[in-house]
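Notes follow the structure.
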Amino acid sequence: MQSKFDLDGTWMQSVDDTTLLAKFGSTTAALWGALRDHKAEIGISSGGSGGGWNFSTRMLEISTSWFNPIKEYVTNGTKATELGRGIAALTHEMSHAHDQIVRKESPWGASKDTDAFVIAVLKTELRAWMKEARSARENHKDKSIPPGDDNNNLIKGWLGVHFTLKNGKNVLKADVYENPVVGRLHKYFNDNKSAKTTSTLADLLTASSNGLAADLTSYAQQIRDKFTSDDTTLRQVASAAISSS
């Protein structure tokens with residue numbers, strides 16, 4: 001029994017591996033293929049102005065203005081202005097779906113009486129932000145799909161994390177407006193932290209037992225590895241996103 005992408009995404013089920021690899025970078029193609037071939041059913045709903053994965057209903061929602069250009073690109077090769085952002089956004093939400101359905105890892109059911117819930121949220125979000133940025137880089141490099149400002153800033157944010165860590169500085173001190181990764185970390189922690197513990201975001205990132213620091217380091221390295229430029233050049237590109245404290 002294979003899965004089917006349901007509702008607005010039924011067309012996604014018939015997109016084979018050859019087409020995925022011809023149209024997308026490996027990150028997007030791998031997630032799409034894994035979800036297509038898994039036994040679980042995944043509802044896709046297009047509409048609204050953004051995107052999201054509902055861990056309760058297992059429904060993936062994505063803006064029509066992003067989803068339709070992806071379908072047009074797969075169908076006839078059209079590269080609309082919104083395509084790069086749309087692919088990255090879809091990849092982000094598919095990462096969440098893959099975490100829950102394939103990896104069996106998600107915040108769903110985690111206790112909010114402890115730090116378990118917010119840790120699970122941060123782990124799935126960090127992975128999704130990395131795959132979002134990695135897909136944008138891959139599609140621009142291999143398929144010449146312009147990333148757009150949001151994707152470019154996220155990529156720079158990951159480079160900023162990488163060089164901040166290499167410098168031995170505090171990642172959380174990076175400018176939240178210049179570094180989207182750090183800005184998102186603060187936001188998702190504040191929105192999901194337990195009301196029954198006193199743990200700070202810094203506490204969670206320094207506790208090796210939860211793996212957040214290792215994830216952050218590994219994911220930042222993966223984005224850096226998508227570039228052949230030397231560190232000096234990349235430091236200049238991401239200078240505003242690098243913490244000096």
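Just so you know, all these numbers are worked out from the coordinates, no wet-lab data involved. If you're wondering where the values come from, they're calculated on a predicted model, not measured in any experiment. Cβ placement follows ideal geometry from the backbone for every residue including glycine, while neighbour counts extend to all protein chains displayed.
Remarks
- Extension gain for Leu21-Asp215 works out to 67.2 nm (0.36 nm per residue, less the C-alpha to C-alpha distance).
- Farthest toward positive dipole pole in the chain [+1 Lys/Arg, -1 Asp/Glu at C-beta], among Ala110, Leu201, Leu20: Leu201
- The stretch 100-223 - charge dipole about Cα centre, Lys and Arg +1 at Cβ, Asp and Glu -1, debye rounded to 20: 220
- Dipole magnitude of the chain, debye to nearest 20 (Cβ charges: Lys/Arg +1, Asp/Glu -1, about Cα centre): 340
- Put the Cα centre of the stretch 50-103 next to the Cα centre of the stretch 135-208 and the gap is 21 Å.
- Stretching the chain fully between Asp231 and Val102 yields a gain of 42.9 nm (0.36 nm per residue, less the alpha carbon separation).
- For Asp115, neighbours were defined as the other residues whose beta-carbon sits under 10 Å from its Cβ, and their charges (Lys and Arg +1, Asp and Glu -1) total +1.
- Within the set (i) 58, 41, 33; (ii) 78, 40, 31; (iii) 49, 45, 28, the number that Cα extents along the principal axes in Å takes when calculated for this structure is listed as (iii).
- All other residues whose Cβ lies under 13 angstrom from that of Asn153 are scored, Lys and Arg at +1 and Asp and Glu at -1, for a net of -1.
- Label point 7 Å beyond Cα of Asp142 along Cβ direction - residues of the stretch 1-42 with amide nitrogen under 19 Å: 15-37
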